[in-house]
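Here is the structure we will look at.
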2 protein chains.
Amino acid sequence: MRSAEFDRSHVLEQAMHTFMEHGYAKASMQKLTQATGLHPGSIYCAFGSKKGLFIEAVSYYHQQKLLAFEALFSDDQAVLASLKQLLANTVQECVQNTCAKVCLLTRSLNEIEGQDPEIAQLLATNLQQIEHSLGEQIARAQRQGEAISDEAPLALARFITMGIYGMRTYAFTNADQNILEQMSAQLLRAIQKH
Amino acid sequence: MRSAEFDRSHVLEQAMHTFMEHGYAKASMQKLTQATGLHPGSIYCAFGSKKGLFIEAVSYYHQQKLLAFEALFSDDQAVLASLKQLLANTVQECVQNTCAKVCLLTRSLNEIEGQDPEIAQLLATNLQQIEHSLGEQIARAQRQGEAISDEAPLALARFITMGIYGMRTYAFTNADQNILEQMSAQLLRAIQKH
DNA sequence: GATATACTTGAATGTTCATTCAAGAGTCCT
DNA sequence: AGGACTCTTGAATGAACATTCAAGTATATC
């Protein structure tokens with residue numbers, strides 16, 4: 001017996017960054033071996049293929065985003081306040097000049113369209129999971145009597161989700177913090193009671 | 001002398017479809033020669049490179065979208081009605097099962113990020129031009145006293161633009177016509193006077 | 001119809017890519 | 001300490017890629 005020498009989390013973290021920076025197609029195995037410090041053989045032994053590594057990197061990214069989401073929407077805080085913070089965090093990501101500016105899920109979904117249904121399905125499922133969690137939080141806000149529209153919680157969650165996707169693409173054309181903050185405010189206003 | 005044997009518009013139309021279907025990276029020269037009927041040498045003679053062909057195909061796409069936009073927002077119609085139609089058309093595109101479901105500009109913008117600043121700039125400029133035209137129309141709506149918010153026209157145009165980007169990415173996770181129509185309605189409501 | 005001037009053709013080029021594998025090295029159990 | 005097992009290494013492989021170019025072909029002018 002002999003245990004693997006590398007730290008799987010660390011490798012996935014680096015691979016994730018590489019995919020975020022270059023996209024799926026342009027993240028060559030050469031870039032991935034450099035970023036992870038692993039040799040090709042080790043990657044293929046541990047993950048089967050470039051696609052396998054990508055799938056695990058995506059899952060790793062998704063896991064991180066889910067944890068951040070749950071931390072943000074802790075039970076002892078107004079949902080609308082958490083939502084506002086979620087949008088503020090998204091804006092902060094978008095105006096970064098690092099690979100942190102992209103959402104691995106939405107970017108890859110755009111890239112992969114029409115190419116690999118299995119990856120597309122994984123990305124869609126992950127995104128829908130966050131959308132669903134958001135729906136639960138919005139339902140809670142309504143129960144708690146927060147100043148939020150009484151439309152179906154899922155419809156409101158979809159709207160905010162769509163808004164975040166839109167802001168991310170918009171930021172590629174114009175990463176202006178003021179503009180993105182204004183959009184966030186418009187999105188929030190649209191789901192508030194008036 | 002001898003004139004070129006192929007119809008440039010027809011070639012660009014086919015190349016555009018190929019890029020819409022496969023994305024930039026995965027639209028190989030082989031696929032492009034098959035789709036256009038041109039031999040590699042002819043493409044390089046007429047467009048210089050794959051990137052040159054892509055840039056012209058993007059411009060061709062943009063031109064088409066601009067014409068469609070101007071036709072939709074003819075002066076003798078309420079702006080809000082045209083806007084509603086614009087969103088309805090977008091939904092129709094998104095639920096298609098052909099390459100017509102993608103916006104070449106937004107899809108490529110997501111794919112190209114961090115790879116080619118020249119292409120990114122072209123895509124951003126094209127998208128901003130449509131956003132700007134939309135702003136002018138919204139300003140006209142305000143002057144004509146339509147039931148539209150009195151926020152800055154550009155801010156409203158940005159919001160709708162962002163919404164369309166968002167719907168396009170959202171449709172990749174769930175191309176449900178009812179849901180997309182509901183989002184359109186939410187977007188419209190958000191910029192109306194109340 | 002001869003000649004010059006293009007455009008067309010598609011095989012060849014060299015690069016880059018994902019992937020494999022046999023040799024080497026480390027670890028554990030007896 | 002020896003042997004068995006597994007992980008690591010990185011050069012080798014073959015496919016796919018964008019691009020080139022010399023030969024071939026059509027057109028126009030004189």
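The values are calculated or read from the model by the stated rules, or taken from the named source; none is laboratory data. All values reported here derive from a predicted model rather than from experimental measurement. All Cβ positions, glycine included, derive from the backbone under ideal geometry; neighbour counts span all protein chains shown. Just so you know, the surface numbers come from the protein's heavy atoms only, side chains and all, with ligands and any DNA or RNA stripped out. Shrake-Rupley method; radii C 1.70, N 1.55, O 1.52, S 1.80 Å.
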### Subset of A:K26/B:K101; A:K31/B:K101; B:K84/B:K193; A:K50/B:K26 violating a 27 Å alpha-carbon distance limit
A:K31/B:K101
## Note on the structure
With the 8 Å Cα cutoff and a minimum separation of six or more residues, the stretch A:1-100 has a relative contact order in percent of 28
### Query
How big, on average over all directions, is the shadow cast by the Cα convex hull of the protein assembly as shown, in nm²?
22.6
### Message
Is the C-alpha gyration tensor of the stretch A:73-191 telling us rounded, prolate or oblate? Criteria: a/c under 1.5 is rounded; beyond that, a/b larger than b/c is prolate, otherwise oblate.
### Response
oblate
### Query
If the label for A:T33 sits 7 angstrom from Cα along the Cα-to-Cβ line, what are its distances to the same label in every other copy, in nm to one decimal, shortest first?
3.0
### Query
Rounded to the nearest 500, what is the protein assembly as shown's calculated 222 nm mean residue ellipticity when only DSSP H runs of at least 4 contribute -39500 (n - 2.57) each, over all residues?
-24000 deg cm²/dmol
## Note on the structure
On the accessible surface of the stretch B:73-191, probed at 1.4 Å with all protein chains in place, carbon and sulfur together account for a percent value of 48
### Label point 7 Å beyond Cα along the C-beta direction, distances from B:D7 to other copies (nm, shortest first)
6.2
### Probe 1.4 Å, protein heavy atoms only - accessible area per residue of the stretch A:1-58 in square angstrom
54
## Note on the structure
One decimal, nm, nearest first: from B:Q121 to the same residue in each other copy, label points 7 Å out along Cα→Cβ, the values are 4.3
### Task
Using the Cα centre as the reference, give the magnitude of the dipole from point charges on the C-beta atoms of chain B (Lys, Arg: +1; Asp, Glu: -1; all else neutral), rounded to the nearest 20 debye.
260
### Query
Under 17 Å from the 7 Å Cα→Cβ point of A:H194, by amide nitrogen: which residues of the stretch A:132-157?
A:147-151, A:156
### Whichever aspartates and glutamates have a C-alpha closer than 20 Å to that of A:K51, once near sequence neighbours (fewer than 8 apart) are set aside
A:D7, A:E13, A:E21, A:E111, A:E113, A:D116, A:E118, B:E111
### Query
Which value, in debye to the nearest 20, describes the size of the charge dipole of the protein assembly as shown about its Cα centre when Lys and Arg Cβ atoms bear +1, Asp and Glu Cβ atoms bear -1, and nothing else is charged?
400
### Principal-axis tilt of helix B:153-173 within chain B, Cα atoms, nearest 10 degrees
60
#### Entry: For the stretch B:124-173, convex hull volume per residue from C-alpha positions, Å³
75
### Equivalent ellipsoid dimensions for the stretch A:21-69 as semi-axes, Å, which come from the Cα gyration tensor, largest first
21, 12, 10
### Query
Once the dipole of chain A is set up with Lys and Arg at +1 and Asp and Glu at -1 on Cβ about the Cα centre, which of A:Q77, A:A57, A:T36 lies farthest towards its positive end?
A:T36
### Query
Quick one: buried accessible area between A and B, total over both chains, 1.4 angstrom probe, nearest 100 Å²?
3700
### Task
Find the relative contact order for chain A and round it to a whole percent, using C-alpha pairs within less than 8 Å whose residues are 6+ positions apart.
21
### Message
Using all alpha carbons of the stretch B:26-104, what is the percent of pairwise distances in each 5 Å bin, ordered from the shortest bin to the longest?
### Response
3, 13, 17, 18, 15, 12, 10, 7, 5, 1
## Note on the structure
Judged on accessible area alone, 1.4 Å probe, highest first, A:F19, B:F6 line up as B:F6, A:F19
